[in-house]
1. Taking only the stretch 2-31 into account, find how many residues are surrounded by 10 or more Cβ atoms within 10 Å (Cβ to Cβ) and either at pLDDT 85 or above or basic (Lys, Arg) (or both).
2. Is there a residue in the stretch 179-188 that is of a type in the set (D, E, K, R) and either in a loop (DSSP other than H, G, I, E, B) or in contact with a Leu (Cβ under 9 Å, 6 or more places away or on another chain) (or both)?
3. Starting from residues that are among the polar types (S, T, N, Q) and modelled with pLDDT under 60, keep the ones in the stretch 98-129 and report whichever is nearest to VAL47 (Cα to Cα).
4. I need a count of the residues in the stretch 182-194 that are in contact (Cβ under 8 Å) with a residue 24 or more places away in the chain and touching a Ser or Thr at 6+ places or on another chain (Cβ under 8 Å).
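The values are calculated or read from the model by the stated rules, or taken from the named source; none is laboratory data. This structure is a prediction, so every number in the text was calculated from the model and none was measured. Reconstructed Cβ throughout: ideal geometry from the backbone, glycine too, with neighbour counts over all protein chains shown.
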Amino acid sequence: MRRHDRGDTLIEVLLAVTIFSMVAVGTLSIMSQGTNAAQRAIEITLVRQQIDSQVEALRAAHQAAASERTIAGTDWQSITAGVGTLTSYDASSVCPTVFTDLNAKHFIIDPTTAEKVSRSRYNPAGGEPTVPPFAQILKDDAGRVSSYGIWIEPSFTPNSDPSVPIPGQYSFRVRACWSAAGLLTPMKLETVVRLYEI
């Protein structure tokens, strides 16, 4: 008696390999997207911490000046010196890569000393061997503070009605911009801190 066993045809094998390949590529794509999303979530958390440290340093300088009732020689005086209206940096398509892209009034605050770090000391990854993966304040072994993708944009709105005893208002936009994993456009975060003149 003759058996009629037959093997898979070439078309069946090719169809099976094609289906397997499509499932494998889809799985790898989903895994890659999940990894990128997890990386972005970590970066957002770390950048929020960096922004919060800048906000707390601003509030601490303001509080110290308010409690002393004199702003001569304080950190608050250096922070608010020359603040007026300011044009914001447009980070819609690209993050600032060098400090000269920003306005001369933009600055950061050293979170360890609460000192204003001006344009002359701001170096976004220019002296770094590698670009950091997210926006952050960096401190080297010599204690020099630099920033990659974080800056503060100050502005001041005076009281427009002198008959009403309302102090002027300082607005500080703490902004961050960096190239995030898996995205073609920059990732951006910002917060606004409003403090009254003393």
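1. Here is the first cut: in the stretch 2-31, the ones surrounded by 10 or more Cβ atoms within 10 Å (Cβ to Cβ) are 8, 12-31.
Adding the requirement that they be either at pLDDT 85 or above or basic (Lys, Arg) (or both) leaves 12-31.
Residues flagged as surrounded by 10 or more Cβ atoms within 10 Å (Cβ to Cβ) and either at pLDDT 85 or above or basic (Lys, Arg) (or both) within the stretch 2-31 amount to 20.
2. Of all residues in the stretch 179-188, those of a type in the set (D, E, K, R) come to 188.
In the following step, the residues that additionally are either in a loop (DSSP other than H, G, I, E, B) or in contact with a Leu (Cβ under 9 Å, 6 or more places away or on another chain) (or both) were identified as none.
Scanning the stretch 179-188, I find no residue that is of a type in the set (D, E, K, R) and either in a loop (DSSP other than H, G, I, E, B) or in contact with a Leu (Cβ under 9 Å, 6 or more places away or on another chain) (or both), so the answer is no.
3. Here the residue is ASN123.
4. If we filter the stretch 182-194 for residues that are in contact (Cβ under 8 Å) with a residue 24 or more places away in the chain, which is where we start, we get 182-183, 185-191, 193-194.
Checking the rest, the ones that are also touching a Ser or Thr at 6+ places or on another chain (Cβ under 8 Å) come to 182, 185-187, 193-194.
Within the stretch 182-194, residues that are in contact (Cβ under 8 Å) with a residue 24 or more places away in the chain and touching a Ser or Thr at 6+ places or on another chain (Cβ under 8 Å) number 6.
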